[in-house]
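What follows is a set of notes on a single structure, which appears directly below.
Where a number appears in this text, it was derived from the coordinates with a stated rule and is not lab data. Since this is a predicted model, take the numbers as computed values, not measurements. Reconstructed Cβ throughout: ideal geometry from the backbone, glycine too, with neighbour counts over all protein chains shown.
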């Protein structure tokens, strides 16, 4: 069976992880780009907070190209030997193109307003969550600078998380992916 990947993009807090988790519940292997960056941040002897992970993400791309994080993720994918992989956290089209070299890829964007995303980020209270609204805006800007807007604009499908419940958004993601996979047969 050829490698099949669903690559999920969206602004911070939009609901990418919820979408990915819906597929994990269906047997997909999850690779989280943010985890790869957090691991690299720790490897460099830094605390994986919002500031440090953002700087490491930008440095990796500057040093090794726009697809640097995708290349690190491909090592995880190869090691997993999985046929169905969901990649959580696409930031650029170059990353998607890297995955397309070895897999059939669906690019799925998750969308929510800035206000909703900020509320969701505060609610999940992860260590790298922005501590203030100003930090949140700066994080959005950093994401735009690495190309996330283009990835979102070129998505094959878009799911709104503006008013969705976790259950309804998850069901929509599963519906879209199952329809896509059926079309590959």
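Based on the Cα coordinates of the chain, what is the per residue volume of their convex hull in Å³? Before the final figure, lay out each step's value.
Values: hull volume 19.7 nm³, N = 185.
Looking at the chain, the number lands at 107 Å³ per residue.
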Checking 47, 143, 115 against a Gaussian network model of the chain (alpha-carbon springs below 10 Å), the top fluctuating residue turns out to be 115
Between residue 47 and residue 154, what FRET efficiency follows from the Cβ-Cβ distance if R0 is 35 Å, with the result rounded to 0.05?
-> 0.55
Taking the Cβ of each residue in 148, 90 as the centre, tally the other Cβ atoms inside 10 Å and list the residues starting with the fewest.
-> 148, 90
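Please tell me the relative contact order of the range 17-117 in percent, rounded to the nearest whole number, where contacts are Cα pairs under 8 Å and at least six residues apart.
Details: 89 pairs, mean separation 35.1, N = 101.
The normalised contact order for the range 17-117 reaches 35 percent.
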For the range 68-133 and the range 138-173, what is the separation of their Cα centres, given in Å?
-> 10 Å
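Report, in deg cm²/dmol and to the nearest 500, the calculated mean residue ellipticity at 222 nm for the chain, where each DSSP H run with n ≥ 4 adds -39500 (n - 2.57) and the sum is divided by the residue count. Let's see the in-between values first.
Working: 9 runs with 105 residues, N = 185.
After summing the helix terms and dividing by residue count, I get -17500 deg cm²/dmol.
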If the chain between residue 171 and residue 97 were fully stretched, how many nm would it gain, using 0.36 nm times the residue separation less the Cα-Cα distance?
-> 23.9 nm
When the chain is fully extended, how far beyond the present Cα-Cα distance does residue 145 get from residue 133, taking 0.36 nm per residue of separation?
-> 2.5 nm
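Taking Cα pairs under 8 Å and at least six residues apart, what relative contact order does the chain come out at, in percent? Please report the intermediate quantities before stating the final value.
Working: 286 pairs, mean separation 65.6, N = 185.
Relative contact order for the chain comes out at 35 percent.
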